[in-house]
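Structure first, then comments.
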Number of protein chains: 2
Amino acid sequence: MKLHNFNSGPSILPPVVMQKAAEAIMDFEGSGLSILEIGHRTSMFQEVMQEAVQSVKSLMQIGDAYEVLFLHGGATTQFMQVPMNLLDTHETASYCDNGIWGNKAIKEAANFGNVQVVTDSTSNNHTRIDKNFVVDTASKYLHFTTNNTVEGTQWHTLPNTSTPLVADMSSDIFYAPRNFNQFSLIYAGAQKNMGAAGVNMVVVKKEILGKISRKIPTIMDYQKHIAAGSLMNTPPVFAIYVSLLTLRWIIEEGGLPEMQLRNTAKSNLLYQTIDSLPVFEARVAKEDRSLMNAVFFLKDQSLEDPFLSLCKAEGMVGVKGYRTVGGVRVSMYNAMPLSSVQIFCDLMKHFASKHG
Amino acid sequence: MKLHNFNSGPSILPPVVMQKAAEAIMDFEGSGLSILEIGHRTSMFQEVMQEAVQSVKSLMQIGDAYEVLFLHGGATTQFMQVPMNLLDTHETASYCDNGIWGNKAIKEAANFGNVQVVTDSTSNNHTRIDKNFVVDTASKYLHFTTNNTVEGTQWHTLPNTSTPLVADMSSDIFYAPRNFNQFSLIYAGAQKNMGAAGVNMVVVKKEILGKISRKIPTIMDYQKHIAAGSLMNTPPVFAIYVSLLTLRWIIEEGGLPEMQLRNTAKSNLLYQTIDSLPVFEARVAKEDRSLMNAVFFLKDQSLEDPFLSLCKAEGMVGVKGYRTVGGVRVSMYNAMPLSSVQIFCDLMKHFASKHG
C-alpha cells in the first residue's frame with residue numbers, strides 16, 4: 001500500500017533526498033568512503049558545511065551581518081541557549097505564549113532573567129494569535145514561535161515592534177519567503193522542512209551577541225561556534241548533509257516562492273474541504289491558520305476513532321492530533337505532494353458521505 | 001583503489017552497519033517509510049530505543065541501578081552537563097588532566113564548582129598516565145578520559161579510589177570488557193566505536209543524581225531525561241538507529257571479549273612493527289599505549305611528509321597526527337579489520353627499507 005506521510009515531525013522529505021542520503025552512506029560522492037565515516041575537518045565535509053551555509057544565506061537573502069550555525073540538538077536546546085546568550089540575570093525579555101512550544105521556551109528563559117509574557121492565547125485554547133500587544137521598550141528581545149505545530153496556528157505578519165525579534169521557526173522554516181532581515185535570531189530544528197532530526201540551524205545577527213556578563217559554557221556560546229565555523233566539536237555530520245540535500249532540493253525546485261505556491265495550494269485545498277464538510281470542524285481563526293499543520297476535529301467526537309481508523313487503513317500516516325489537543329492533525333510540509341493532500345481530502349469526503 | 005579508513009572519528013563502521021543504515025533510509029524494516037521520516041514516539045522507534053538501551057545494559061552487565069540515555073550532542077556537551085548535574089557551586093570535583101579532551105572537561109567544570117586537578121601529564125607531553133595520586137575524600141567525583149584519542153594513551157587499570165568515577169569513554173567504549181559497575185557515570189560520543197556523529201550515550205547510576213541545589217535547564221537535566229526515556233524532545237533518530245546497528249554487530253560478533261581479542265591483535269601487530277623499525281618512534285610509555293589510537297613519529301622529522309604522502313597514495317586515510325601533536329596517528333577502532341592494519345604495517349616496512 002502506498003503510504004502518505006502526514007507526520008508532524010520527523011516528517012516527509014523529498015524522495016531525491018532519501019535516495020542521495022542512502023547513496024552517500026554507501027559511497028559519499030565517489031570518495032570511496034561513507035558519509036558516516038569521514039572526518040568533519042576534511043575538505044569533503046568543509047564543502048558540505050560551506051554550501052549549506054551559503055544556501056541558507058541565499059534563500060534568506062541575508063548578508064554578512066548574519067552568521068549561520070548548524071548545532072547539535074533541537075529547538076528545546078535553543079529554549080535554553082537563546083536566553084543564556086542574550087539575557088542577563090536582571091534584564092527582561094518578552095515572550096509570546098501561543099502554544100506548547102512557546103510555553104516551554106518561556107519556562108526555560110525564566111532560569112536566566114526576567115520574562116514578560118506579552119500575549120497568551122491560553123484563554124482561547126490557542127486558536128488565534130493576538131497581535132495587539134505592547135512590548136516594553138526595555139525588553140532585550142521578543143521571542144515567538146512562527147508556526148505552532150501542535151495547535152495549527154501560524155504568524156502571517158510580523159509582530160509590530162522595534163524590539164529585536166527572536167523566532168523559533170522549527171516547523172515553518174523555508175515554507176515561503178519572509179523578510180528574514182527583520183529578525184535578530186532565528187532557530188529551527190531540522191526535522192520538518194529542512195532535513196533529519198539531530199541538527200539545529202541558528203541564524204544570528206552578530207551585533208546582538210557579546211552583550212551580557214554571564215559566563216557561557218563553551219558548547220553553548222554562539223560567538224565561539226561562529227569563531228569555529230560550527231566545527232568547535234564533531235558536528236552531526238550526516239544530519240547536516242541531509243539538510244544540505246534538502247536545501248539543494250528547495251533551490252532546484254524554484255526556491256521559497258515556489259514553496260509558497262505549493263504550500264498555499266495544499267492548505268487551501270485542505271481547509272476548503274474541511275469547511276465544506278459539516279462533519280468536520282476547524283477551530284483555529286481563519287486568518288491564523290497554519291499552512292504547515294491543519295488541526296481540526298470531528299464535530300461528533302464519537303466519529304473521531306472511526307475516522308482515524310479509516311485513515312490508517314488507507315495509508316494516511318501520522319494524522320492523529322497531538323495528545324493534549326486531540327482531533328486530527330494533517331502536516332503538509334514542503335516535501336508533501338499536492339496529490340497526497342488530494343487523496344486525503346477525497347477520503348474526508350468519502351467519510352462525510354457515510355456519516356454526514 | 002581500496003581505502004583503509006584509519007580516521008580518529010568520525011571513523012570506520014562495520015560494512016553491515018552501512019548497508020543496513022542505507023536500506024533503512026529507503027525503507028525502514030519494511031514499514032514503507034524512511035527512518036528519516038518516522039515519528040520518534042511511534043512504536044517503530046520505541047523498539048529501536050528499547051533494544052539499544054538493553055543492548056548497552058547487556059554489554060556492560062549493569063543492572064537497574066543504572067539508566068542508559070541517548071542524548072543530543074557529543075562529549076563536549078557532557079563536559080558542561082556532568083558538572084551542571086553533579087557539582088554544586090561550593091563543592092569540589094577531581095579531574096585527571098591527561099590530554100586535550102580531559103583538559104577541556106576541566107575548563108568547563110570550573111564554571112560550576114571547584115576543580116581539583118589530581119594528576120597532570122603536561123610535563124611529559126601526555127606520554128604516560130600517572131596513577132599515583134590522591135583524591136580528596138570530600139571530592140564529589142573523579143573525572144578521567146579512559147582513552148586519549150589525540151595523545152594515544154589509555155587507562156588499562158582503574159584509578160585506585162573510593163570516590164565515584166566519572167569517565168569520558170568516547171574513544172574506547174566497548175573496545176573490551178570493563179567493570180562498568182565501578183563507574184557512577186559514563187559518557188561517550190558515538191562517532192568512534194558506537195555509531196555515527198550526532199548522539200551521545202550517557203550511562204548513569206541513579207543514586208548520584210538529585211543531590212545538588214542548582215536549577216538545571218530542562219534539556220540538561222539527566223533526571224528529566226530518565227523520566228522521559230530519552231524522549232523529552234525529538235532525539236537524533238537516525239544516529240540512535242546507527243548506534244543500535246553497531247551494538248547488534250558487536251553482540252553478533254561475540255561481544256566485548258571478541259572485540260578485546262581483535263583489538264589486542266591489531267594493536268600488538270602495529271606496535272611491534274613500530275618498535276622493530278628504527279625509522280619510527282613511539283613515545284608513549286608501553287604500559288599506557290592505547291589499543292585504539294597509536295601515535296608515533298618519524299625519528300627523522302624530514303621523513304614525515306614523504307611517509308604521509310606514501311600513505312595517502314596507497315589509500316591509507318586519516319593517518320596524519322592531530323594538529324597540536326604532529327607525527328602519525330593510526331586509529332584502530334572495533335570495526336577496523338586486522339587485514340588493514342597488516343597492509344599498513346607492510347607499508348611501514350616498505351618505507352623503512354627505503355629510508356632505514
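The values are calculated or read from the model by the stated rules, or taken from the named source; none is laboratory data. Since the model is a prediction, treat every value here as computed from it, not as a measurement. Positions of Cβ are generated from backbone atoms using ideal geometry, with glycine treated the same way; all protein chains shown enter the neighbour counts.
Take residue B:322 and tell me if it is closer than 30 Å to residue B:178 by Cα, assigned by TED's automatic domain parsing to the domain that holds residue B:264 and out of contact with any strand residue (DSSP E or B) (no Cβ under 7 Å at 6 or more places or on another chain). Give the derivation first.
Working: closer than 30 Å to residue B:178 by Cα: yes; assigned by TED's automatic domain parsing to the domain that holds residue B:264: yes; out of contact with any strand residue (DSSP E or B) (no Cβ under 7 Å at 6 or more places or on another chain): no.
No.
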**Q.** Boolean, residue A:147 is surrounded by 16 or more Cβ atoms within 10 Å (Cβ to Cβ) and in contact (Cβ under 8 Å) with a residue 60 or more places away in the chain
**A.** yes
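Hey, any hits in the stretch B:222-242 for a residue that's closer than 30 Å to residue B:121 by Cβ and crowded, with 19+ Cβ neighbours inside 10 Å?
Within the stretch B:222-242, one or more residues are closer than 30 Å to residue B:121 by Cβ and crowded, with 19+ Cβ neighbours inside 10 Å.
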**Q.** Identity of the residue in the stretch A:1-59, over 21 Å from residue A:336 (Cβ atoms), among the aliphatic types (A, V, I, L, M) and surrounded by fewer than 20 Cβ atoms within 10 Å (Cβ to Cβ), that ends up nearest to the other protein chains (Cβ to nearest Cβ)
**A.** A:26
Q. When the stretch A:300-331 is examined, which residues are found to be over 16 Å from residue A:344 (Cβ atoms) and touching a residue at least 60 places away in the same chain (Cβ under 8 Å)?
A. A:322, A:324, A:325
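Output the number of residues of the stretch B:227-241 satisfying the condition of being of a type in the set (Gly, Ala, Ser), assigned to a loop (DSSP other than H, G, I, E, B) and either over 16 Å from residue B:47 (Cβ atoms) or outside the structural domain of residue B:193 (by TED's automatic domain parsing) (or both). Give the derivation first.
First, pick out the residues of the stretch B:227-241 that are of a type in the set (Gly, Ala, Ser): B:227-230, B:239.
Then drop every residue that is not assigned to a loop (DSSP other than H, G, I, E, B), which leaves B:228-230.
Cutting the leftovers down to either over 16 Å from residue B:47 (Cβ atoms) or outside the structural domain of residue B:193 (by TED's automatic domain parsing) (or both) gives us B:228.
Within the stretch B:227-241, residues that are of a type in the set (Gly, Ala, Ser), assigned to a loop (DSSP other than H, G, I, E, B) and either over 16 Å from residue B:47 (Cβ atoms) or outside the structural domain of residue B:193 (by TED's automatic domain parsing) (or both) number 1.
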Q: Residue by residue through the stretch A:214-237, note down the ones that are modelled with pLDDT of 95 or more and away from chain B (no Cβ under 14 Å).
A: A:222, A:223, A:226, A:227
Q: Restricting attention to the stretch A:179-193, report how many residues are over 18 Å from residue A:72 (Cβ atoms) and touching a residue at least 40 places away in the same chain (Cβ under 8 Å).
A: 4
Q) Is it true that residue B:260 is in contact with a Leu (Cβ under 9 Å, 6 or more places away or on another chain) and not β-branched (Val, Ile, Thr)? A) yes
Q | Residue that is surrounded by the fewest Cβ atoms within 10 Å (Cβ to Cβ) [pool: residues in the stretch A:274-298 that are closer than 23 Å to residue A:123 by Cα and among the acidic types (Asp, Glu)] | A | A:287
Q) With A:140, A:131 as the choices, which residue is modelled with pLDDT under 95 and assigned by TED's automatic domain parsing to the domain that holds residue A:178? A) A:131
Q: Kindly indicate whether any position in the stretch A:181-195 is surrounded by 24 or more Cβ atoms within 10 Å (Cβ to Cβ), more than 20 Å from residue A:55 (Cα to Cα), β-branched (Val, Ile, Thr) and not assigned by TED's automatic domain parsing to the domain that holds residue A:341.
A: no
Q | Scope the stretch A:313-356; condition assigned to a strand (DSSP E or B) and farther than 17 Å from residue A:295 by Cα; matching residues | A | none
Q) Among B:120, B:172, which is the only one that is in the same structural domain as residue B:62 (by TED's automatic domain parsing), among the acidic types (Asp, Glu) and in contact (Cβ under 8 Å) with a residue 60 or more places away in the chain? A) B:172
Q) Going through the stretch B:60-92 one residue at a time, which ones are within 9 Å of chain A (Cβ to nearest Cβ) and of a type in the set (Val, Ile, Thr)? A) B:76, B:77
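Could we say that residue A:62 is more than 30 Å from residue B:1 (Cβ to Cβ), within 16 Å of the chain's Cα centre (by Cα) and touching a residue at least 40 places away in the same chain (Cβ under 8 Å) here? Reasoning before the result, please.
Details: more than 30 Å from residue B:1 (Cβ to Cβ): yes; within 16 Å of the chain's Cα centre (by Cα): no; touching a residue at least 40 places away in the same chain (Cβ under 8 Å): yes.
So residue A:62 fails the test.
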Q. How many residues are crowded, with 18+ Cβ neighbours inside 10 Å, touching a Cys at 6+ places or on another chain (Cβ under 9 Å) and either hydrophobic (A, V, I, L, M, F, W, C) or without any contact (Cβ under 8 Å) to a residue 12 or more places away in the chain (or both) if we restrict to the stretch A:243-273?
A. 1
Q: State the number of residues belonging to the stretch A:116-125 that are surrounded by 17 or more Cβ atoms within 10 Å (Cβ to Cβ), assigned to a loop (DSSP other than H, G, I, E, B) and not hydroxyl-bearing (Ser, Thr, Tyr).
A: 0
